[in-house]
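Take a look at the structure set out below.
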Amino acid sequence: MTLMTKFLGASAALALGAGAAMAEPALIFDLGGKFDKSFNEAAFSGAQRWAEETGGEFREIELQSEAQREQALRRFAESGANPIVMTGFAFGDALGQVAADYPETDFVIIDMVVDEPNVRSVVFNEHEGSYLVGMMAAQASESGTVGFIGGMDIPLIRKFACGYAQGVKAIDPDAEVIANMTGTTPAAWNDPVKGSELTKAQIAQGADVIYAAAGGTGVGVLQTAADEGILSIGVDSNQNHLHPGKVLTSMLKRVDNAVYQAMSDGPGMEKGFNVMGVANEGVGVAMDDNNKDLVSAEMKASVDEAAAKIASGELKVHDYMSDDSCPDLSF
């Protein structure tokens, strides 16, 4: 019996008694798995924090295929789960089909906007956080060449890459930024072998700092970078601990805060469009004991200054998704 079959069976049973029990929130992970050490794991961390602080329980499922998105949403809604939180832009179409059929259920989608009255859409200014780690990459690089490895080639990941390139160029206008995407299908989020291959190819071209924004694929990037003696930059979760002293920093995308807040707000939450960026600590850079020896006082001061300017509006980082273009990087 597959996980999904078990889930559907359990949901059918739960649906019979949904009215008698207090609504529990539900979390649906995107492809790549709950423990991808990145995006999904950040979401799980937020849900766990909510459960630990409140004593509540949440339901969860890891999808095995694209076809299960709508099915999982409907089964959770029918079983009385509320709110239902989903991680990833790829839920957009399915939620658009489902939300109107369950007007009393609150849905929260991360990384996509779905315009329905019972949906909270949470998006991030990833380009702002990527700009900051790009500054750090340029300052740490000795070769003047840095790399970026993305997961699936979509506008959202180009947004990361473009912000990163702008940060690099702000420090060193002559620096070279090499960018590669892992693939064009969702499989690109969970291919650490391909991530390793791309890392070696970029090192051969002179890159000595590589930023990975590729979900589970990034684990292969960080591992190979450490093995080859260059620095890497993690993403979404704080990945500094994966290779202490080898990961320059991680671009924190506080998916955990988005999930935690959604579950804390619960049914009846404020819906609509939420943006999390540098100004409200939705994105930032990770500093801890694992990377403290890699980040100089000057590097940290420059990043803090840039972050303050971004937060105040004095510094505008170009958003690739605003016009499908990047002034500092060619794809």
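Rounded to whole Å, give me the distance from the Cα center of region 87-130 to that of region 265-330. With region 87-130 and region 265-330 each reduced to a Cα centre, they are spaced 21 Å. When the helices of the chain are scored as -39500 (n - 2.57) per DSSP H run of n ≥ 4 and the total is divided over every residue, the value at 222 nm lands at -13000 deg cm²/dmol. Dipole magnitude for the chain: about 420 debye, using +1 per Lys or Arg Cβ and -1 per Asp or Glu Cβ, origin at the Cα centre.
Pairs with C-alpha atoms separated by more than 24 Å, drawn from the list LYS37/LYS159; LYS253/LYS300; LYS169/LYS253; LYS194/LYS292, are LYS194/LYS292. The slack in the chain from ASP319 to SER264, taken as 0.36 nm per residue of separation less the alpha-carbon distance, amounts to 16.8 nm. Label separation (THR54 vs ALA297): 4.4 nm, computed from points 7 Å beyond Cα along the C-beta direction. Here the calculated FRET efficiency for ALA311 and ASP101, from their Cβ-Cβ distance with R0 = 56 Å, stands at 0.90, rounded to the nearest 0.05. Among the listed values (1) 22; (2) 50; (3) 27, the one matching percent of Cα pairs over 35 Å apart as calculated from this structure is (1).
Since every read-out is calculated from the coordinates, none of them should be taken as a lab result. Remember, predicted model here, so these are calculated numbers, not experimental data. Positions of Cβ are backbone-derived with ideal geometry, glycine not excepted, and every protein chain shown enters the neighbour counts.
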